[in-house]
Amino acid sequence: MSTSVIRLKTSIQDSVLDMLNRQMEMEAHSSAVYLAMSAWCYAQGLNGSGYFYKRQSDEEREHMMKLFNYIADNGGLAISPEVTNIERNFEGLRDVFVKALESEIAITESFNRITEHCHKVRDYQTAKFVQWYLDEQLEEEQQARRCIEIFDLIGTADGGLYRIDKEIFKMKHEGTAPMP
């Protein structure tokens, strides 16, 4: 069986391809972590937050697949990531929110490194492609920060946890962006 000549060449440099494949792995890991957060929330009776993180998990998988398609469509080899080391236990809902924000910041930093490298090696097409992720990450970080703000503003006293859970649900269910 011979490989088609069309698939032998890619305009993506090996160093960029490696970074994109590592980013796919980050997105897959993030999807699995959000799914674990969702499961933890549901087990605590925090169904609104469970729903929120289930949707987040779906979005991260979509982000991974967008990278996969970009690599494959440009003749590169997209490597299906192995996902391990998924945390499943959390100290509380605020801990979930903080870890989600930390994850989003790490993803943003990774996309910044990819963009910087793309400019260095003059891969402007991939830099342009990655810009969508940078725009998306701004929204993801704002949303994660808003979850922490809601938790801190409402607090857990007098049914606060129930109210927090309802507010978090609304962020995904109603499709509302975080308040400015």
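The values are calculated or read from the model by the stated rules, or taken from the named source; none is laboratory data. Since the structure is predicted, the reported quantities are computational estimates derived from the model, not experimental observations. Cβ coordinates were reconstructed from backbone atoms using ideal geometry, including for glycine residues, and neighbour counts include every protein chain displayed.
Numbers below:
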read-out: From 24, 37, 65, 19, residue being without any contact (Cβ under 8 Å) to a residue 24 or more places away in the chain, among the aliphatic types (A, V, I, L, M) and not in a loop (DSSP other than H, G, I, E, B); value: 65
read-out: Residue within region 72-92 that is among the aliphatic types (A, V, I, L, M) and in contact with a Leu (Cβ under 7 Å, 6 or more places away or on another chain) present; value: no
read-out: Unique match (being over 14 Å from the mean Cα position of the chain (by Cα), within 21 Å of residue 137 (Cα to Cα) and buried (at least 16 other Cβ atoms within 10 Å of the Cβ)) among 107, 114; value: 114
read-out: Qualifying residue in region 99-114 (condition: touching a His at 6+ places or on another chain (Cβ under 9 Å), within 16 Å of residue 38 (Cβ to Cβ) and either assigned to a helix (DSSP H, G or I) or among the charged types (D, E, K, R) (or both)); value: yes
read-out: Residue check for residue 171: part of a helix (DSSP H, G or I), at pLDDT below 95 and either closer than 26 Å to residue 40 by Cβ or among the hydrophobic types (A, V, I, L, M, F, W, C) (or both); value: yes
read-out: Pair list, Cβ under 9 Å, 6 or more apart: region 74-98 residue touching a residue at least 12 places away in the same chain (Cβ under 8 Å) and outside any loop (DSSP other than H, G, I, E, B), other residue surrounded by 16 or more Cβ atoms within 10 Å (Cβ to Cβ) and among the hydroxyl-bearing types (Ser, Thr, Tyr); value: 93/49; 96/49; 96/53; 97/49
read-out: Index of the failed condition, residue 157 passing every other in (1) farther than 21 Å from residue 26 by Cβ; (2) surrounded by 18 or more Cβ atoms within 10 Å (Cβ to Cβ); value: (2)
read-out: Residue 102 vs. criteria touching a residue at least 24 places away in the same chain (Cβ under 8 Å) and either touching a strand residue (DSSP E or B) at 6+ places or on another chain (Cβ under 6 Å) or of a type in the set (Asp, Glu) (or both); value: no
